[in-house]
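Participant: This is the structure, below, for whatever I ask next.
Any read-out appearing in this document is the output of simple, stated calculations on the displayed coordinates, not a laboratory observation. Quantities reported herein were computed from a predicted structural model and do not represent experimental measurements. Backbone-built Cβ (ideal geometry, glycine too); neighbour counts: all protein chains shown.
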Amino acid sequence: MSFQKNKLTILFLFLSLLSDCRTGNKFVKLQKNHPDHANLYLMRSFDPVLSLYSYPIEIYKLKGHFKEDKLGSLVHKTKLITGEYCFFSLERGFYRLAIENEFEKIIFLENEKTQFIDFKILKKGFFEFPEYYLKELSTEEGLEKLLEDKHLTSCDQSMD
């Protein structure tokens, strides 16, 4: 019993140290909207599920409507660890967000608007593969996520 408690304490201390060693800047304010671009915030809020892993998220710009162009061309690739966000200023249009060729979501970005996407990992059991989820958030929900706890930090590829 005591050995089990010690293992949990050591694991907790290790994860606490890792969470404070992020190199990005803490979120301070939203970026201004531009008349010819849309703002996109990809976030991975603090979550202990698979928190040590980073997952690549690829952003593809689709030509025209998403029914006409299924794949698109790669415009950005980023990796998010728990507690990080990435900001992108993108042209108006349809985009495909893809995670490890296992999950994708189509979004539409409008000029002078800000969109928030929260990346979640769901895992039910130790030997099960994780399920990915990209959730569109309202402005209020997005700001809550960006400002939660110690504030999310920006990823290396962030444009802010």
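Participant: Working out 0.36 nm times the residue gap between H151 and E100, then minus their Cα-Cα distance, what length gain in nm do you get to one decimal?
Facilitator: 15.7 nm is the gain from fully extending H151 to E100.
Participant: Give the residue list of trypsin sites (Lys or Arg not before Pro) in the stretch 56-139 that are DSSP loop and have at most 15 other beta-carbon atoms within 10 angstrom.
Facilitator: For trypsin sites (Lys or Arg not before Pro) across the stretch 56-139 that sit outside H, G, I, E and B with at most 15 neighbouring Cβ atoms in 10 Å, the list reads K63, K67, K70, R92, K113, K123, K124.
Participant: Mind checking the alpha-carbon convex hull of the stretch 25-154 and giving the volume per residue in Å³?
Facilitator: Output value, Cα hull per residue: 108 Å³.
Participant: FRET efficiency for S89 and K63, Cβ-Cβ distance as r, R0 = 22 Å, nearest 0.05?
Facilitator: FRET efficiency, S89 to K63: 0.70.
Participant: A 22 angstrom limit on the alpha carbon distance is what I want to check against. Which of K32/K120; K32/K145; K32/K105 exceed it?
Facilitator: Going by Cα-Cα distance, K32/K120; K32/K105 fall outside the 22 Å limit.
Participant: Run the simple label-point estimate for D36 and K135 please: 7 Å along Cα→C-beta, distance reported in nm.
Facilitator: Reported label-point gap for D36 and K135 is 3.7 nm.
Participant: Please go through the stretch 91-138 and write out the chymotrypsin sites (Phe, Trp or Tyr not before Pro) that DSSP classes as loop and that have at most 13 other C-beta atoms within 10 Å.
Facilitator: When the chymotrypsin sites (Phe, Trp or Tyr not before Pro) of the stretch 91-138 are filtered for loop state and at most 13 Cβ neighbours within 10 Å, F126, F127 remain.
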